[in-house]
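Visitor: Let me begin by handing over the structure; questions about it come next.
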Amino acid sequence: MAKSPEEEHPVKALGWAATDTSGHLSPFNFSRRETGDEDVRFKVLYCGICHSDLHSIKNEWGIATYPMVPGHEIVGEVTEVGSKVEKVKVGDKVGVGCMVGACHSCDNCVDNLENYCPKLLLTYNSIYTDGTITYGGYSDHMIANEHYIIKFPDNMPLDAGAPLLCAGITVYSPLKYFGLAEPGKHVGIVGLGGLGHVAVKFAKAFGAKVTVISTSPSKKNEALEHLGADLFLVSRDPDQMQAAVGTMDGIIDTVSAAHPILPLISLLKSHGKLVMVGAPEKPLELPVFPLIIGRKTVAGSGIGGMKETQEMIDFAAKHNIKADIEVISMDYVNTAMERLAKADVRYRFVIDIGNTLAATKP
Amino acid sequence: MARSPEEEHPQKAFGWAARDNSGTLSPFNFSRRDNGEDDVTIKILYCGVCHSDLHSAKNDWGFTSYPVVPGHEIVGAVTAVGNNVNKFKVDDKVGVGVFVDSCKKCDCCHQGLENYCPQMILTYNSFSLDGTKTYGGYSDIIVVDQNYVLRIPDNMPLDAGAPLLCAGITVYSPMIYYGMNQPGKHLGVAGLGGLGHVAVKIGKAFGMKVTVISTSPKKESEAIDRLGADSFLVSTDPAKFKAAIGTMDYIIDTIAAVHALAPLLSLLNVNGKLVTVGLPEKPLELPIFPLVIGRRLIGGSNVGGIKEMQEMLDFCAKHNITADIELIRIDELNEAMERLAKSDVRYRFVIDVGNSLSK
């Protein structure tokens, strides 16, 4: 007989969950497992709101199990470690991103690409190895196997660093894999939101020339003055687009709404790469000629493995890269979701779990 | 005042051309330039019939300039060489592929990627620097800069080797560029026609496991017994298709018609690559999720540079790879085009120009 979320596990937990496809979040009592030999338990201080959280709570991808506690940009302070844990100790600042388990034996796992393991376990809305559903970071504490714990560098602020655990690795990984993380490369970034703004910062830190490609002329100042992009291109302006044809080595496309990719493909130099990291639900139109004539590629990329995520955090700390955030209280989360749906945030909401969750206990 | 095709250049030439978008080909008098210092004049012996020739003859892609003399799988014998020519001599057996010139100055040209030069001149239906139109290999002679001419290896039959000059390089180049040449890896070949059958042979020569993906169950015996593929997947058989999901490292997609990409992408493993070399007239539908979830990639490729073409010919000669052809006379050309439109050929028509083209 299935136990209730509160009774499934021995350690009581408090979070906010969505209970149906309206996506409305509310306080939720549940429980977490005891600290196993290889586990790290930490008090959650901050959790970033990723657009995937919004997609998930509304079941836009059709795979939701309710009640769902979202959140996979989780940062906190270690309160307990299992007997075999060597990576961190009590009091350390740590993070957990999108994954909490994988098979560890397939080729991908062996290559530090757990994110591509067919048995990947997600931080929320997955069935863990003990058969229970995983609950994410909109909660008071978190437990994860040591392998999936990220050590937070001392000089990285916890709140503004949290979004790097998903948004950061999502753009860092393809910049490296597709050869765009090099001085002198010209990288286009499509979309200036949670992913896009971090992509600009990383690409600049790698020494690339960066062009932000956006539908909103109003973001130009932000892009150039505040984020340090070199150029700004309004995709709805045919003259600007024409002038930029054949100039970019690669483009990171962070836009998850449906949009035409032919104009983006034409911005690429020959042998250029368009990398999709936003995931529109419906197929896009792919004109084949331009790919063939210029030996261009369209690829996708999804987060990154644990080794690379740690590398990314360390790189970000060294180069002073963090997300631009709006810190909110737990009970603001539904309003935040509504604003996120309209892209009304610069550029990530981060929930101040540590200071505002406890007061919401039902 | 523009001169007629017959008077444009000093050397008389004769070929077959299409004059309108019916695509019907018929005898055509025209002319070729004098053999310049860097040029080689070639008496054409054979010319492969590429599906692109059919597309061009009918103006399927919208940029045909009539009259068009198609043909870019050209094999023949050298009859004259210019003063600067050091790569060839009279009587050499040579080939010409899809392009006959490029700017020679850009990064692409310097890297042996003349096929990606923005000023590449195609063997037919292009305009040379002197403003005259290029005419292809359905003709008796052609004059080409030595830097765009290939040497046909001694042990390669001229007729069955001709299709390698387009079909061969079209699959060989991306197989190298995208890493689809590693022994033991699993390659899917979608479409079993002129391009596909050569891809199977080259894939096997690289030591890969090769699965042919086709809509026609009757090609199975061909694919496995004659071409040497390891397995055959009928894309309309749901159960077999399901079993093949996520099993391929690479797919080379040679299908020229509009077709669904989603099922092909599902066959790819994580980090898998699908390379498209067929040229459908309309855009395809590309689902993004499979790309993101599995870091998969879809790329294009367009023939290959001259150095790589020579490398490909030498590789094929070493591994005894040629195209499977049906030799035709020039007067059978229109009928061949009709059959090609229905994919009724195993797997390339080759025109016996030397023996059948006469005024």
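Visitor: Consider a paramagnetic label point 7 Å from the Cα of A:Cys106 along Cα→Cβ; state which residues of segment A:32-54 have an amide N under 19 Å from it.
Guide: Within reach of a label on A:Cys106, which here means backbone N under 19 Å from a point 7 Å along Cα→Cβ, segment A:32-54 contributes nothing.
Visitor: Quick one: helix B:306-318 against the long Cα principal axis of chain B, what's the angle to the nearest 10°, folded into 0 to 90?
Guide: It works out to around 70 degrees.
Visitor: At 222 nm, what value in deg cm²/dmol follows for chain A if DSSP H runs of at least 4 each add -39500 (n - 2.57) and the sum is divided by all its residues, to the nearest 500?
Guide: Calculated at 222 nm, the ellipticity per residue is -6000 deg cm²/dmol.
Visitor: Sticking with this structure for a sec: Provide a whole-number value for the mean count of partner chain Cβ atoms within 10 Å of the Cβ atoms in peptide B:275-284.
Guide: Mean number of neighbouring Cβ atoms from other chains: 4.
Visitor: If the cut-off is 14 Å between C-alpha atoms, which aspartates and glutamates fall inside it for B:Lys133, apart from same-chain ones fewer than 8 positions away?
Guide: Here the aspartates and glutamates satisfying the reach criterion relative to B:Lys133 are B:Glu6, B:Glu7, B:Glu8, B:Asp101.
Visitor: Using a 10 Å cut-off around each Cβ of peptide A:270-282, what is the average number of partner chain Cβ atoms that fall inside?
Guide: Shielding by partners across A:270-282 averages 4.
Visitor: Helix A:167-177: angle to the longest alpha-carbon principal axis of chain A, degrees 0 to 90, nearest 10?
Guide: Rounded to the nearest ten degrees, it is 50.
Visitor: Let me ask something else. Please give the FRET efficiency for A:Phe289 paired with A:Asp154, using the beta carbon to beta carbon distance and R0 = 51 Å, rounded to the nearest 0.05.
Guide: 0.45
Visitor: At a 10 angstrom cut-off on C-beta neighbours, averaged per residue, how do the peptides A:58-71, A:177-190 rank from highest to lowest?
Guide: The peptides rank, most packed first, as A:177-190, A:58-71.
Visitor: If you build a Gaussian network model of chain B, linking Cα atoms that sit under 10 Å apart, which residue out of B:Leu165, B:Leu327, B:Leu313 swings the most?
Guide: So, out of B:Leu165, B:Leu327, B:Leu313, the one fluctuating most is B:Leu327.
Visitor: From other protein chains only, count the Cβ atoms within 10 Å of every residue's Cβ in A:259-265, then give the mean.
Guide: 1
Visitor: For segment B:13-130, what does the relative contact order come out to in percent, with C-alpha contacts under 8 Å and a separation of six or more?
Guide: 23 percent
Visitor: Can you spot the lysines whose alpha carbon is less than 25 Å from A:Lys43's alpha carbon? Ignore those fewer than 8 places along the same chain.
Guide: Reachable lysines: A:Lys3, A:Lys12, A:Lys84, A:Lys87, A:Lys89, A:Lys93, A:Lys151, A:Lys307, A:Lys322, A:Lys361.
Visitor: Order of A:29-39, A:133-143 by packing, highest average Cβ count within 10 Å first?
Guide: A:133-143, A:29-39
Visitor: Just the Cα atoms of segment B:271-339, one point each, no solvent: what log10 I(q)/I(0) does Debye give at q = 0.13, 0.14, 0.27 Å⁻¹?
Guide: Debye curve over Cα of segment B:271-339, log10 I(q)/I(0) at q = 0.13, 0.14, 0.27 Å⁻¹: -0.74, -0.83, -1.11.
Visitor: Which whole-number percent gives the relative contact order of segment A:1-133, counting Cα pairs below 8 Å spaced six or more residues apart?
Guide: Contact order relative to length: 20 percent.
Visitor: Same structure again: Give the aspartates and glutamates reachable from B:Lys12 as a straight Cα distance under 15 Å; neighbours fewer than 8 places away on the same chain don't count.
Guide: B:Asp34, B:Asp140
Visitor: While we're on this one: Compute the Kirkwood hydrodynamic radius of segment A:226-362, taking the inverse of the mean of 1/r over all pairs of distinct Cα atoms, and give it in Å to one decimal.
Guide: 18.2 Å
Visitor: Using Cα-only point scatterers and the Debye equation, what is log10 of I(q)/I(0) for the protein assembly as shown at each q in 0.07 Å⁻¹, rounded to two decimals?
Guide: -0.57
Visitor: Given a Förster distance of 45 angstrom, what is the FRET efficiency for A:Asp239 paired with B:Ser343, based on the Cβ-Cβ distance and rounded to 0.05?
Guide: Approximately 0.55, to the nearest 0.05.
Visitor: OK, next. Using a Förster distance of 60 Å, how high is the FRET efficiency between B:Glu6 and B:Val258, based on the Cβ-Cβ distance and rounded to 0.05?
Guide: 0.90
Visitor: Only Cα pairs under 8 Å and at least 6 apart count here; give the relative contact order of segment A:209-362 as a rounded whole percent.
Guide: 14 percent
Visitor: Divide the volume of the convex hull of the Cα atoms of segment A:148-212 by its number of residues and quote the answer in cubic angstrom per residue.
Guide: Measuring per residue, one finds 89 Å³ for the Cα hull of segment A:148-212.
Visitor: From largest to smallest, what semi-axes in whole angstrom does chain A give when each is the square root of 5 times an eigenvalue of its alpha carbon gyration tensor?
Guide: Equivalent ellipsoid semi-axes, largest first: 35, 21, 20 Å.
Visitor: Next question. In degrees between 0 and 90, to the nearest 10, how far off the longest principal axis of chain B does helix B:194-205 point, with axes built from Cα atoms?
Guide: 60 degrees
Visitor: With runs of 4+ DSSP H residues as the only contributors, calculate the mean residue ellipticity of chain B at 222 nm using -39,500 (n - 2.57) per run, divided by the residue total and rounded to the nearest 500.
Guide: -6000 deg cm²/dmol
Visitor: Note the direction-averaged projected area, equal to a quarter of the hull surface, for the Cα convex hull of chain B, in nm².
Guide: Spelled out: convex hull of the Cα atoms, projected over all directions, averaged, 17.7 nm².
Visitor: Still on this structure, please answer the following. Using a basic spin-label model with each label point 7 Å from the Cα along Cα→Cβ, how many nm lie between A:Glu6 and B:Thr236?
Guide: 5.9 nm
Visitor: Ranked highest first by the average count of other Cβ atoms within 10 Å around their residues, in what order do B:37-49, A:158-170 fall?
Guide: Listed from highest to lowest mean packing, they are A:158-170, B:37-49.
Visitor: Under a point spin-label approximation (7 Å from Cα along Cα-to-Cβ), what is the B:Thr247-B:Lys89 distance to one decimal in nm?
Guide: About 5.4 nm separates the two model spin labels.
Visitor: According to a simple spin-label model (label point 7 Å from Cα along Cα-to-Cβ), what is the distance in nm between B:Ser216 and A:Glu225?
Guide: In this crude spin-label approximation the distance works out to 6.5 nm.
Visitor: Related question: Based on the Cα atoms of segment B:1-69, what semi-axes does the equivalent ellipsoid have, where each is the square root of 5 times one gyration tensor eigenvalue, given in whole Å with the largest first?
Guide: Semi-axes from the Cα gyration tensor: 23, 16, 11 Å.
Visitor: Given a cut-off of 25 Å, name the pairs among A:Lys282/B:Lys204; A:Lys296/B:Lys87; B:Lys209/B:Lys318 whose C-alpha atoms lie farther apart than that in the structure shown.
Guide: Over 25 Å apart, Cα to Cα: A:Lys282/B:Lys204; A:Lys296/B:Lys87.
Visitor: Next question. Enumerate the calculated ³J(HN,Hα) couplings along segment B:83-89 in order (Karplus 6.51 cos²θ - 1.76 cosθ + 1.60, θ = phi - 60°), each rounded to whole Hz, writing x wherever the residue is Gly or Pro.
Guide: 4, 8, 6, 10, 8, 9, 9
Visitor: Rounded to the nearest 5, what % of the DSSP beta bridges within the protein assembly as shown are antiparallel ones?
Guide: In the protein assembly as shown, approximately 60 percent of DSSP beta bridges are antiparallel ones.
Visitor: Separate question: With the cut-off at 1.5 for a/c, could you classify segment B:61-111 from its C-alpha gyration tensor as rounded, prolate or oblate?
Guide: In terms of gyration-tensor shape, oblate.
A short reminder: the numbers here are calculations on the coordinates, not readings from a lab. As the structure is a prediction and not an experimental result, all values here were calculated from the model. Using ideal geometry, Cβ is built from the backbone for each residue, glycine included, and neighbour counts are taken over all protein chains shown.
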